[in-house]
Amino acid sequence: MVRAFEPTIGMWWVAGTPEQRIPGYLDVQTSPDVSPWRLTLYGELEGPPSAPGLVQYVALHGETPAGLFTLMRASLRGGPSGMLDASVKETVWEGWQLVHGGHVVSQEGYRSATFQLPGLWHWLGPTRLNSNMTSELHAGAADWTRPQPGELGTQLTADIGSGMKLVLGPTYTQRSGREQKSLKYYAQYSLTAPAGVHVEVIERVTLALTNLHAIVTGTPMDHFDMDLVTMTGSMVHVMDARRPIGRRWNSGLADPFFDTADIDFSAFIPRWLALCELVPVAIGAAAPRDDRQFLQSKLIDACNGLEALASHMWADAAPSTKDTELLEQLKEFGLNRDFRDSVKLTLQMRRFPLNKKLEQLAETIGADSATWLLGDVPVWADLTAGLRNSLAHGFAMDGRLGDDTKFVLLAEESATAVLRLALLREAGYDNRRSSKPGELLRSDGRSVAGHRNSQLFDALEVVAHHSDHWQHWKATRESARDARVADSTTSAPPLDGSLE
């Protein structure tokens, strides 16, 4: 449940300079378009820049009647402004994270960090919604997700490097009344390290997991209810100013696309974290966001993510003999290095163009699955790449397909769908419980997805329902091309240069 925050007054200073304290008032900003925390200071802090708009994040420490606070990633929003007394100036700071119970230092390590995500209980599988469950689990004979009072419950562990472990497990809260006791079950992540985990590492891991859960649920996400345990054993709490992005806390999500029963958790999580470090462009484009981005720019972002993932997975084709000879001739002719590098880059793009990358990435979800989702995969890849190139470089597609809203919408949805599935496949999800491992969606004419009631699968079904449209759009483009070629031929002057 939400831990309510009461606005409070106290003394504040820049971390590391406790001798420079000034009074301030901390409160919550309710608008989702700004940072959640606002600190109004009655004076100016020395050290960080005082010019509004110059973003340089710092940590601010506070001491109030409600306890110690740390305002993380704080930046100056406005000020100084005159008040009743001209000698007193007011400055306003915004912060993205508030820690209660101690003063956080960026170099400090924490013994552990525990946190939750919306719908995490459904991820700690196998849930009753998973059609890949065994008959015993369906019957409730082995509902291992609910520990008894005093028990730890089944824990999933992944080693993520540098001695750090990520643990996912069930837990509960117990309430006692006069006549009965009640248990409320939920799941949480725990990040631990004997030598301590720094704040920057905690933020990277939580962001990676937030993006993972956003993808498998098809819903924008944010983590919440984080507790940090210091190396001395004391605990600080990260305050939640708002409900997390995602579904309502109590209702949860319908079902993720798959759960931990469908993967090797110890292998999948490290690979996912590595992908988040190596191809952040792909992760950022794949994760659902609660924004108002234009449809065309969403398509460009999705295709950029697909290109980044393809470049990570496969090396570019080696230059052909003709390409090598051409570059040597340009050098002999005395053309400068910048021009030759530009030509070299163009030749590289021609060897492994976007449409071929899209084809190969679609193949990673399985041949039957790709055909069900996209129809004729090469046709889909060619049209989607053509649209991305026309939008990115400012030329019109034949047949005015760029003005066809349905075409643009389906191209964006299908490209995003392939990106999400290819990322999950690269991290280790292969639907090993299906009749043909490697087929993520469909095999032998029937569905093999274990969670067909998930939001992500619903979106995939919408794309698959329109898979036959790609042939129609191909015909439209080819007809327009033929007409354009015929028109240019009939309007061209005679070869002898005479006038008719």
Answer from Leu335, Leu347, Leu327 - the residue that is assigned to a helix (DSSP H, G or I), at pLDDT below 85 and open to solvent by 20 Å² or more (accessible area, probe 1.4 Å):
Leu327
Quickly run through region 259-284 and pick out the residues that are at pLDDT 90 or above, open to solvent by less than 20 Å² (accessible area, probe 1.4 Å) and not β-branched (Val, Ile, Thr).
Phe265, Phe268, Trp272, Leu275, Ala282
Of the conditions (1) open to solvent by 60 Å² or more (accessible area, probe 1.4 Å); (2) more than 23 Å from Gly43 (Cβ to Cβ); (3) at pLDDT below 85, Ser87 clears all except one; give me its number.
(2)
I'd like the full set of residues that are of a type outside the set (Gly, Ala, Ser), at pLDDT below 90 and in contact with a Ser or Thr (Cβ under 9 Å, 6 or more places away or on another chain), limited to region 174-196.
Gln174, Arg175, Leu183, Lys184, Tyr185, Tyr186
Given the structure, is Val236 within 15 Å of Lys165 (Cα to Cα), touching a Ser or Thr at 6+ places or on another chain (Cβ under 8 Å), assigned to a strand (DSSP E or B) and open to solvent by less than 20 Å² (accessible area, probe 1.4 Å)?
no
Conditions first: (1) over 24 Å from the mean Cα position of the chain (by Cα); (2) modelled with pLDDT of 80 or more; (3) open to solvent by less than 30 Å² (accessible area, probe 1.4 Å). Met133 passes all but one, so which condition is the exception?
(2)
If you scan region 364-403, which residues turn out to be closer than 25 Å to Phe457 by Cα and open to solvent by 50 Å² or more (accessible area, probe 1.4 Å)?
Ala367, Asp368, Thr371, Trp372, Asp376, Pro378, Asp382
Contacts under 7 angstrom Cβ, first residue in region 430-453 being farther than 17 Å from Ile263 by Cα and free of Cβ contacts under 8 Å to residues at least 40 places away in the same chain, partner small (Gly, Ala, Ser) and open to solvent by 10 Å² or more (accessible area, probe 1.4 Å), 6 or more apart:
none
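Quick one: how many residues across region 264-301 are out of contact with any Cys (no Cβ under 6 Å at 6 or more places or on another chain) and farther than 25 Å from His393 by Cβ?
Initial filter on region 264-301 (out of contact with any Cys (no Cβ under 6 Å at 6 or more places or on another chain)): 264-282, 284-301.
Those still in the list that are farther than 25 Å from His393 by Cβ too: 264-278, 287-290.
Result for region 264-301: 19.
Before we move on, is Asp301 over 16 Å from Leu120 (Cβ atoms) and charged (D, E, K, R)? Break it down stepwise before answering.
Values: over 16 Å from Leu120 (Cβ atoms): yes; charged (D, E, K, R): yes.
The answer is yes for Asp301.
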Within region 188-201, which residues are open to solvent by less than 10 Å² (accessible area, probe 1.4 Å) and either out of contact with any Gly (no Cβ under 8 Å at 6 or more places or on another chain) or hydroxyl-bearing (Ser, Thr, Tyr) (or both)?
Tyr189, Leu191
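The values are calculated or read from the model by the stated rules, or taken from the named source; none is laboratory data. It should be emphasised that the depicted structure is a prediction, and the values quoted were computed from it without experimental measurement. Every residue, glycine as well, gets a Cβ built from its backbone with ideal geometry; the counts of neighbours run over all protein chains shown. To get the accessible areas, we keep the full protein, side chains included, count just its heavy atoms, and leave off ligands, DNA and RNA. Shrake-Rupley method; radii C 1.70, N 1.55, O 1.52, S 1.80 Å.
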